[in-house]
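Contents: one structure, followed by commentary.
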Amino acid sequence: MELRGGHVIANRGAYNRHHDTWSELCTLDACPHSNQYENGKCDSITWYTVPGVTATPAVKYVGDTLLELEHISDWAQSGGSGALLSLGTDGWLALAAGPGYAAATRKPDTIGLLQLPLSVPELEPRMIATQLPVYENGAVTDQQDATRYQWNWLYLPEPDASLALEKRAGMANMAYFDTKGEDSERLLVGWSPTMAFQGIAKEYVVSEMDRDGNLRGQAFRLTKAGWGEDNLWTTMPNSGCVVFPFAWVGDSPGSDYPIEGDDAKNFPTAMHITSLCPRGNQPPLANTPAPQTDAERWPAP
């Protein structure tokens, strides 16, 4: 796929120590095929690699579009980048909320993972050829050739019905879940199954995952803990515990949300640190249905 310009909505980076290479996962408010959507607007997830000073060849800012999504409005995206991890000699693992297919009423319904090679040029053999519609004045007038990459969209546990919130996946995050860094076999992934405007979320769920992107064991709902859009996860090198900060108003995240201009008493006054630690061995594969292909789960508009 070719790249298009746009504004950066979200940006996640990672460093591969084995190959002295930086990598960047961005959500942009543009995509190569904006005319595939009736409203002519789109977002995209793009991936870049930037070799470090000792890498050969020193080709910089090579990028490609990993996913295209319909742009709903300036304040509500139909998906986007969540996290990026280096897997050392195995390349990278990208995490996103999506996919924004029709059955999800144009909102992200799940999270997905995409295994990436060491460099963008190595992506080309993984491309899947497809055709997209061409919209003009709200009507389909033609078809156009395009390419896609096969994301692994996960089947997630249903949200807590007692919260009475609309189903919408977001706050996707992940980190190493042992002490081996890039060679970690255990990873931790997290998400919120119910998100509202600008990331208001009352429910946060975590699950162990292997480096192939498969959920393991049972998902765990956090109590009085969570994270925000920019509260990145960190792995403690000596314990493998994943820690992250977050500040909220009230007894738990999502119970109140301060808006600019409100009385100062409605703003958070304490920073909370959450620590999640691995125990025993990696649990068995989670008992979930096999992921569907993009063609089944995320049909063309």
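Values in this text are rule-based calculations from the coordinates and carry no lab data. All figures in this text were calculated on a predicted structure; none of them were measured in a lab. Because the Cβ atoms are built from the backbone with ideal geometry, glycine has one as well, and the counts that use them run over all protein chains shown.
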Counting other C-beta atoms within 10 Å, which of VAL140, VAL243, VAL249, VAL189 has the fewest, and how do the rest follow? VAL140, VAL243, VAL249, VAL189
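Give me the orientation-averaged projected area of the Cα convex hull of the stretch 157-281, in nm², one decimal.
8.4 nm²
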Expressed in nanometres to one decimal, the distance between label points 7 Å along Cα→Cβ at SER73 and VAL134 is 3.2 nm
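Taking Rh as the Kirkwood radius computed over C-alpha pairs, what is the Stokes-Einstein D of the stretch 70-188 at 10 °C in a medium of viscosity 1.306 mPa s, expressed in µm² per second? Could the numbers behind the result be given before it?
Details: Rh = 16.7 Å.
Answer, rounded: 95 µm²/s.
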Estimated Rh, the stretch 1-153: Kirkwood, alpha-carbon pairs, angstrom: 16.0 Å
Give the order of LEU85, LEU276, LEU187 when sorted by the count of other beta carbons within 10 angstrom, beginning with the fewest. LEU276, LEU85, LEU187
Determine, for HIS71, HIS33, the number of other Cβ atoms within 10 Å of each Cβ, and report the residues in order from fewest to most. HIS33, HIS71
Please compute the modelled spin-label separation between GLU229 and ASN287, points set 7 Å along Cα→Cβ, answer in nm with one decimal. 3.9 nm
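Mind checking the stretch 109-156 for chymotrypsin sites (Phe, Trp or Tyr not before Pro) that DSSP puts in a loop (not H, G, I, E or B) and that have at most 14 other Cβ atoms within 10 Å?
On the way: sites: TYR135, TYR149, TRP151, TRP153, TYR155; in loops: TYR149, TRP151, TYR155.
Of the chymotrypsin sites (Phe, Trp or Tyr not before Pro), the ones in loops of the stretch 109-156 whose Cβ has at most 14 other Cβ atoms within 10 Å are TYR155.
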What's the whole-number percent of alpha carbon pairs in the stretch 174-227 lying beyond 12 angstrom? 66 percent
List the GluC sites (Glu not before Pro) within the stretch 108-195 that DSSP assigns to loop and that have no more than 14 neighbouring Cβ atoms inside 10 Å. GLU166, GLU185
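Can you pull out the trypsin sites (Lys or Arg not before Pro) in the stretch 210-241 whose DSSP state is coil and whose Cβ has at most 14 other Cβ atoms within 10 Å?
On the way: sites: ARG211, ARG216, ARG221, LYS224; in loops: ARG211, LYS224.
Counting only loop positions with at most 14 other Cβ atoms within 10 Å, the trypsin sites (Lys or Arg not before Pro) in the stretch 210-241 are LYS224.
Determine the gain in length on full extension of the stretch ASN238-ARG106; use 0.36 nm per residue of separation and subtract their C-alpha separation, reporting nm with one decimal.
Working: separation 132, 0.36 × 132 = 47.52 nm, distance 4.23 nm.
The span from ASN238 to ARG106 would gain 43.3 nm if fully extended.
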